[in-house]
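These notes concern the structure reproduced below.
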Amino acid sequence: MPNQPIKYFNNSWDGLGRDFLDNSSFGGVINESGFLKDHIEKATAGKSDPKEIIAGIYNYVKENVLWDGQYRKYSDENLKRVMENKRGVQLK
C-alpha cells in the first residue's frame, strides 16, 4: 500500500518453508496424513541420488498438477484437494 512501511513476508527460503509448513491447508495436511506417500513413491521410483529425487518430484508435480491461472500464495483448496483435483496455484 502507498505510504506504508515495507512488510517483509519472508526474507529467506527457510522462512518461506516454515511459513508453508505452519499453514494448516499446506503443512497441516502434510503432517496429519500420509496421502503424499503414494505420490512421493511414484515420483522417486528408481532414484537414489538426491538431485534425481528432487527432479523426479519436480517433474511429477509439473506433469500432474495444472496451474489454475491465479497468482497467489495459497490455493483455495488444501494440498490434498489440489493433488486430487490436479489443479493448483503458482507462487509469484
> Going through region 53-69 one residue at a time, which ones are closer than 18 Å to residue 38 by Cβ and of a type in the set (D, E, K, R)?
Replying inline: 62, 63
> In region 45-74, how many residues are hydroxyl-bearing (Ser, Thr, Tyr) and outside any helix (DSSP H, G or I)?
Replying inline: 3
> Where residues in region 1-32 are surrounded by fewer than 12 Cβ atoms within 10 Å (Cβ to Cβ) and touching a helix residue (DSSP H, G or I) at 6+ places or on another chain (Cβ under 8 Å), which of them is farthest from residue 82 (Cα to Cα)?
Replying inline: 9
> Residues that are touching a residue at least 24 places away in the same chain (Cβ under 8 Å): which helices (runs of 4 or more DSSP H) entirely in region 1-44 hold 2 or more of them?
Replying inline: 27-32, 36-44
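Every number here is computed from the coordinates shown, using simple stated rules; none is lab data. Not measured: the values here are computed from a predicted model. All Cβ positions, glycine included, derive from the backbone under ideal geometry; neighbour counts span all protein chains shown.
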